[in-house]
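**Q** Sharing a structure below in structure tokens format, with a few things to ask.
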Amino acid sequence: MKKRQFIASLCLVSAGWAIELSPASLSAETPLVVQQPAPGVSAPAPNSKTPQVELLNPGVEPRQELRLKPAIDVKETTVMTVKTDMEISASGRSSPGAKIPVSVMTFETKVTKIDPNGDIHYEFAYTNSDIVGDTGNMPPAVRDAMRSALKSMVGVKGSFIMDNRGFHKGGDIILPEGADNNLKQMVGQMSKSLEQLASPLPAEAVGKGAKWRVSSSSDFSGMNVNDIATYELDSWQDGVVSLNVSIEQQANPQNITSPQLPAGTTLSLKSFSSQGRGKVTGRLDRLIPLRSSVSISSNSEMSVKNAGSSEESTITTKMAMEMTLESK
């Protein structure tokens with residue numbers, strides 16, 4: 001495999017990881033509908049991978065239940081910015097750090113209905129998605145591939161249901177007219193991770209200082225990852241909730257399949273670990289947080305083999321990601 005082709009693939013895969021890793025929503029459900037099932041793609045069925053919530057500390061009195069009740073027919077516009085730095089070592093030889101462009105995605109959400117039991121029906125649509133800023137020494141082909149992948153998400157929309165604790169309960173997605181096979185494959189693959197990515201609110205009443213842990217496993221761009229996110233209720237005043245979050249992730253050795261990889265390429269994961277911290281501030285009467293930020297660092301080691309070749313290379317990757325979200 002040509003080096004630049006593999007770097008392009010890693011950039012595209014890492015962009016997907018960056019998006020999927022973000023605990024952007026106060027409901028803790030990733031606000032990216034590319035995760036949702038598309039027409040002709042089966043929705044993920046309930047299974048043992050459903051996130052498990054464990055209350056570690058209820059916090060101080062007074063305590064209340066955290067429940068979402070967003071306003072109906074109010075459109076929210078959200079901008080998510082993802083900054084990524086990557087260092088790659090191939091077979092023990094280090095390469096200069098890849099200058100990955102900043103990804104900026106804009107999406108709109110609107111709650112259309114709330115059931116008597118609290119279930120929330122909402123619509124979602126990407127309105128803009130692109131790369132910005134300096135691309136450094138990144139080859140034009142890599143830059144163009146990233147831009148094309150991001151722009152293909154514009155026009156993706158759908159309608160979904162979640163309960164008032166943030167558990168996904170169903171939904172459907174509509175792809176833009178003329179969507180190519182790459183987008184269809186991406187949606188099909190990511191839809192399987194929908195339930196695993198949900199990080200619900202605790203069932204119990206909580207107060208300031210409360211902590212709870214959410215354990216799950218999820219499929220990030222073809223890689224099965226075990227996740228542990230620990231949330232702390234930092235403040236709750238005048239309807240505004242502020243949460244601190246810490247993230248730990250680990251993956252066992254496995255083969256990775258992703259539509260972003262060149263045809264015939266075999267990619268095997270030897271090790272993966274990730275740690276991160278962030279802050280989420282929002283209101284329980286809004287679907288999307290007012291703002292959130294998270295920083296994540298990860299280390300991975302993979303072996304890669306070209307189509308028709310018996311030669312295997314070892315790729316070590318260090319990645320640092322910063323994600324911010326602003327909603328109005």
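The values are calculated or read from the model by the stated rules, or taken from the named source; none is laboratory data. Since we're looking at a predicted model, the values are computed, not measured. Note that we place each Cβ from the backbone using ideal geometry, even for glycine, and neighbour counts take in every protein chain shown. The accessibility values were calculated without ligands, DNA or RNA, using every heavy atom of the protein model including side chains. Shrake-Rupley method; radii C 1.70, N 1.55, O 1.52, S 1.80 Å.
**Q** What does the charge count near ARG291 come to, summing +1 for each Lys or Arg and -1 for each Asp or Glu among other residues with Cβ under 14 Å from its Cβ?
**A** The answer is 0.
**Q** May I ask for the net charge around PRO176, where only other residues with Cβ less than 14 Å from the Cβ of PRO176 are counted and Lys, Arg are +1 while Asp, Glu are -1?
**A** Neighbourhood net charge equals +1.
**Q** Solvent-accessible area of LYS113, probe 1.4 Å, all protein chains present, reported in Å² to the nearest ten, please.
**A** 100
**Q** Extending each Cα 7 Å along its Cβ direction at SER268 and LEU55, get the distance between those two points in nm, one decimal.
**A** 4.6
**Q** Right, here's the next one. State the extension gain, in nm to one decimal, for the chain segment bounded by ALA141 and SER309, taking 0.36 nm per residue of separation less the distance between their alpha-carbons.
**A** Here the answer is 58.1 nm.
**Q** Moving on. Give me the 1.4 Å probe accessible area per residue for segment 242-328, excluding ligands and nucleic acids, in Å².
**A** Per residue, segment 242-328 has an accessible area of 46 Å².
**Q** Moving on. Among ILE114, ILE173, what's the order by accessible area (1.4 angstrom probe), most exposed first?
**A** Descending order: ILE114, ILE173.
**Q** For MET138, which sequence-distant residues (separation of 5 or more, or a different chain) have an amide H within less than 5 Å of its own amide H, given hydrogens modelled in the peptide plane?
**A** LYS99
**Q** For ALA251, what is the net charge nearby, where nearby means another residue's Cβ is under 12 Å from its Cβ and Lys, Arg count +1, Asp, Glu -1?
**A** Charge balance near ALA251 sits at -3.
**Q** Quick one: what Rg and Dmax do you get for segment 88-180 from the alpha carbons, in Å?
**A** Rg and Dmax of segment 88-180, Cα atoms, are 18.9, 60 Å.
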